[in-house]
Structure formats: C-alpha cells, structure tokens
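Novice: Input: one structure, supplied below.
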Amino acid sequence: MQIRKLFTFLTVTMVTFIASSTVFAQEAGVEGGGEDIGWKAMAAGLAIGLAAVGGAFAQGKTAVAALEGIARNPNAASKIFTPMILGLALIESLVIYALIIAIMIKP
C-alpha cells in the first residue's frame, strides 16, 4: 500500500512539473518585464492549489468530527449542525480569499 501511495505522489508531482513548464514558455523581454510573469503565474497557481487542498482537508475533518459527535449522541445533532455549517462557511471563505489573492497576483 505504501508503494502505491508513493507511486501516486510521484506521478502527480511529475505531471505537475511537466504541465507547469508551459508557464515559462513565454519569451523574456516582452513589454512589462516578461521575466516576472512566469513566477507570478506559479505563485498564483501555488496559492490557490494549497488553499484548495487545505480547505478540502479541513472540510473533511470538520465533517468527520461532526458526524462522530452525532453518532455518539444523536440528540445533540441540532446543536452540532449549526456550528459545523458555520465552520464550513469560514473554511470556504478562506479558500475564496486565496482565490482573490491568486487573481491579484496574476499579471
């Protein structure tokens, strides 16, 4: 199982690096300082990628904790549901904030 996870990680990493090479395909010297465009695009992509992964893990952990709490005490479902939805909304707002930052970084 460990080998399969490692293989999947290496495959995703290699595809990411191969696909991101098109970011640097633009010629340097384009008006507006073309050499920074590639790095800005990489920063924007990294920002939204990390935010999406972090948000997905946080939302999954929130849902697991809420469902475990409801499974242990079904009568507390109404008291657990509202804070869970509030937490999910706040997590999603952080991902949207990262998207806005990524759009602002992009040239």
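Novice: From the list Ala66, Ala52, Ala89, Ala56, which residue is loosely packed, with under 12 Cβ neighbours inside 10 Å and in a helix (DSSP H, G or I)?
Specialist: Among Ala66, Ala52, Ala89, Ala56, only Ala89 is loosely packed, with under 12 Cβ neighbours inside 10 Å and in a helix (DSSP H, G or I).
Novice: Quick check on Ala41: is it out of contact with any strand residue (DSSP E or B) (no Cβ under 9 Å at 6 or more places or on another chain), under 30 Å from Ile18 (Cβ atoms) and surrounded by 11 or more Cβ atoms within 10 Å (Cβ to Cβ)?
Specialist: Details: out of contact with any strand residue (DSSP E or B) (no Cβ under 9 Å at 6 or more places or on another chain): yes; under 30 Å from Ile18 (Cβ atoms): yes; surrounded by 11 or more Cβ atoms within 10 Å (Cβ to Cβ): yes.
Yes.
Novice: Something else now. Can you confirm whether Ala19 is farther than 17 Å from Ile105 by Cα, touching a Gly at 6+ places or on another chain (Cβ under 6 Å) and modelled with pLDDT under 80?
Specialist: Values: farther than 17 Å from Ile105 by Cα: yes; touching a Gly at 6+ places or on another chain (Cβ under 6 Å): no; modelled with pLDDT under 80: yes.
Against the criterion (farther than 17 Å from Ile105 by Cα, touching a Gly at 6+ places or on another chain (Cβ under 6 Å) and modelled with pLDDT under 80), Ala19 does not qualify.
Novice: Looking at the stretch 53-67 only, could you name the residues that are touching a helix residue (DSSP H, G or I) at 6+ places or on another chain (Cβ under 6 Å) and either within 23 Å of Thr16 (Cβ to Cβ) or among the polar types (S, T, N, Q) (or both)? Steps first, answer last, please.
Specialist: Filtering the stretch 53-67 down to residues touching a helix residue (DSSP H, G or I) at 6+ places or on another chain (Cβ under 6 Å) leaves 55, 58-59, 62, 66.
Residues satisfying the conditions are Gly55, Ala58, Gln59, Thr62.
The values are calculated or read from the model by the stated rules, or taken from the named source; none is laboratory data. Model, not experiment: these values are computed from the prediction. Neighbour counts run over all protein chains shown; Cβ positions are idealised from the backbone, glycine included.
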